[in-house]
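The values are calculated or read from the model by the stated rules, or taken from the named source; none is laboratory data. This one's a predicted model, so the numbers in the text were calculated from it and none came from an experiment. Backbone-built Cβ (ideal geometry, glycine too); neighbour counts: all protein chains shown. Areas reflect the complete protein model, heavy atoms only, side chains present, ligands, DNA and RNA absent. Shrake-Rupley method; radii C 1.70, N 1.55, O 1.52, S 1.80 Å.
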Amino acid sequence: MTIFRWSRRGLLGFGLAAGSASILPRHPRAATPALPLTPVCAEADDLTPAQTEGPYFTPNSPERGNLIVDGIDGARIRLAGFALDPHCRPIASALIDLWHADAAGAYDNQGYRLRGHQFTDAEGRYVFETIVPGLYPGRTRHFHVKVQAPGGGVLTTQLYFPGEPGNQRDRIFDKSLLMDVRDDNGAQLGRFDFVVARG
Ligand SMILES: [Fe+2]
């Protein structure tokens, strides 16, 4: 679920703050104050719903936040947010594993193109630099994600793009898994906060 709304100020601040962690890239134009240390949201929010893993998960992905490697082409998107517990407290060191199709709608089932995992920083944040997944028959546009708080269970779910024509025809689509996607001078910024139980 999306916990609070984007603001340009907050967005750039997120990049600035994220840049202090070694695995997280610095936003090139970060120059504004950081986000609040904890997101503003209600107590006892619903857990992020689980969805099917699908047929293309590969375990043991590399630990990396930047999936733009080895000639990956496509529209760039920064996917970022928090891992939170049901009381809206950030979860540090939560595993976030991302995998998705390339711009042509194909998964790499031999290697690890467009696959990677990272752990949230001390304030519960994650950031991936990747591309917008292409479409493939039978599905709307989506990311696949696994999230696990330290010692907790694994949440397997998917994230969706607002305004995507295929959303209404997709039998798996869940509007509570829509990212908040903004355009920032041609670069897309997708925000989603995962709510999971602590271990
Ligand atoms: Fe998929």
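Here are the numbers for the structure shown:
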quantity: Filtered residues of segment 88-115 (kept if buried (at least 19 other Cβ atoms within 10 Å of the Cβ), of a type outside the set (D, E, K, R) and closer than 21 Å to G71 by Cβ); calculated: L98, W99, H100, A101, Y107, L114
quantity: Residue that is nearest to the ligand (Cβ to nearest atom) [pool: residues in segment 55-65 that are within 17 Å of the chain's Cα centre (by Cα) and loosely packed, with under 15 Cβ neighbours inside 10 Å]; calculated: P62
quantity: Qualifying residue in segment 139-146 (condition: among the hydroxyl-bearing types (S, T, Y) and either open to solvent by 10 Å² or more (accessible area, probe 1.4 Å) or at pLDDT below 95 (or both)); calculated: no
quantity: Q118, sole failed condition from (1) more than 14 Å from the ligand (Cβ to nearest atom); (2) open to solvent by 50 Å² or more (accessible area, probe 1.4 Å); (3) of a type outside the set (A, V, I, L, M, F, W, C); calculated: (2)
quantity: Output for segment 66-87, where each listed residue is within 26 Å of D170 (Cα to Cα), open to solvent by 70 Å² or more (accessible area, probe 1.4 Å) and assigned to a loop (DSSP other than H, G, I, E, B); calculated: D73
quantity: Count - residues of segment 51-67 that are touching a residue at least 60 places away in the same chain (Cβ under 8 Å), on the phi < 0 side of the Ramachandran plot and out of contact with any Leu (no Cβ under 6 Å at 6 or more places or on another chain); calculated: 6
quantity: Residue satisfying all of: in segment 130-175; within 10 Å of the ligand (Cβ to nearest atom), part of a strand (DSSP E or B) and not polar (S, T, N, Q); farthest from L98 (Cα to Cα) among these; calculated: H142
quantity: Of all residues in segment 162-199 being closer than 20 Å to P90 by Cβ and of a type in the set (D, E), the one that is least open to solvent (accessible area, probe 1.4 Å); calculated: D193
quantity: Candidates P162, P90, P133, filtered to the one that is modelled with pLDDT under 95 and touching a strand residue (DSSP E or B) at 6+ places or on another chain (Cβ under 8 Å); calculated: P90
quantity: Test: residue in segment 100-107 that is within 18 Å of R191 (Cα to Cα) and either within 16 Å of the ligand (Cβ to nearest atom) or part of a loop (DSSP other than H, G, I, E, B) (or both); calculated: yes
